[in-house]
Amino acid sequence: MIAELEHRFDRVWTLTQNVDGLHHAAGSRNIIDIHGDVHWLVCTRCGHRWRVDNYARISIPPSCAECDALVRPEVVLFGEMLPFDRVKSLQEQLMRGFDAVFSIGTTSVFPYIAQPVIDARRRGALTVEINPGASEVSHIVDYRLRTGAAAAMEAVVRALDHA
Ligand SMILES: [Zn+2]
């Protein structure tokens with residue numbers, strides 16, 4: 001549903017904490033996967049990186065094809081810095097601003113996840129939260145849809161069909 005929105009609007013960006021790569025698989029192109037993507041492996045010594053679609057096919061422990069050192073998934077673990085390129089993209093997009101920001105299925109406990117909603121609110125843009133429970137941004141959004149992400153986004157896209 002989110003990928004579909006990229007076809008319907010000039011500029012749609014997805015900021016996600018998920019590392020499962022499902023936004024890519026669904027066809028979204030403008031993605032800031034701020035915690036990385038588990039499908040990319042990176043060498044701890046030389047920085048060589050490559051994509052793995054099927055973990056069942058890699059040798060254990062995984063080693064670098066270039067230098068034989070240990071490799072790891074290119075994801076952010078607790079206490080690690082966020083990837084610079086993603087942070088830069090996020091800041092660039094937030095500087096341009098958005099007409100609407102949807103916060104979907106996140107408790108927004110990380111400040112960089114809450115930031116787009118806070119920025120949108122400050123600029124007077126539309127803010128919507130889709131979440132069955134309460135979050136850090138629930139009290140500032142224009143609309144709260146207290147339901148699951150799939151049902152809510154299906155309804156949003158269906159409503160666009162009839163708009
Ligand atoms: Zn290496």
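Search the stretch 30-70 for residues being surrounded by 12 or more Cβ atoms within 10 Å (Cβ to Cβ) and of a type in the set (D, E, K, R), and hand back the single one that is nearest to residue 2 (Cα to Cα).
It comes out as 33.
Out of the residues in the stretch 5-16 meeting the condition of being surrounded by fewer than 16 Cβ atoms within 10 Å (Cβ to Cβ) and touching a residue at least 12 places away in the same chain (Cβ under 8 Å), tell me which one is farthest from the chain's Cα centre (by Cα). Give the derivation first.
To start, the set of residues in the stretch 5-16 that are surrounded by fewer than 16 Cβ atoms within 10 Å (Cβ to Cβ) comprises 7-11.
Filter once more, so that each one left must be touching a residue at least 12 places away in the same chain (Cβ under 8 Å): 8, 11.
Details: 8: 19, 11: 15 Å.
Residue satisfying both the conditions and the ranking: 8.
Can you list the strands (runs of 3 or more DSSP E) lying wholly within the stretch 8-117 that have 3 or more residues being away from the ligand (no atom under 16 Å from the Cβ), modelled with pLDDT of 95 or more and out of contact with any Gly (no Cβ under 6 Å at 6 or more places or on another chain)?
It comes to 14-16, 31-33, 100-104.
Within 25 Å of residue 36 (Cβ to Cβ) and not in a helix (DSSP H, G or I): does that describe residue 133?
It is false that residue 133 is within 25 Å of residue 36 (Cβ to Cβ) and not in a helix (DSSP H, G or I).
Consider residue 109 carefully, then state whether it is assigned by TED's automatic domain parsing to the domain that holds residue 15 and surrounded by 14 or more Cβ atoms within 10 Å (Cβ to Cβ).
Criteria not met by residue 109.
The values are calculated or read from the model by the stated rules, or taken from the named source; none is laboratory data. Quantities reported herein were computed from a predicted structural model and do not represent experimental measurements. Positions of Cβ are generated from backbone atoms using ideal geometry, with glycine treated the same way; all protein chains shown enter the neighbour counts.
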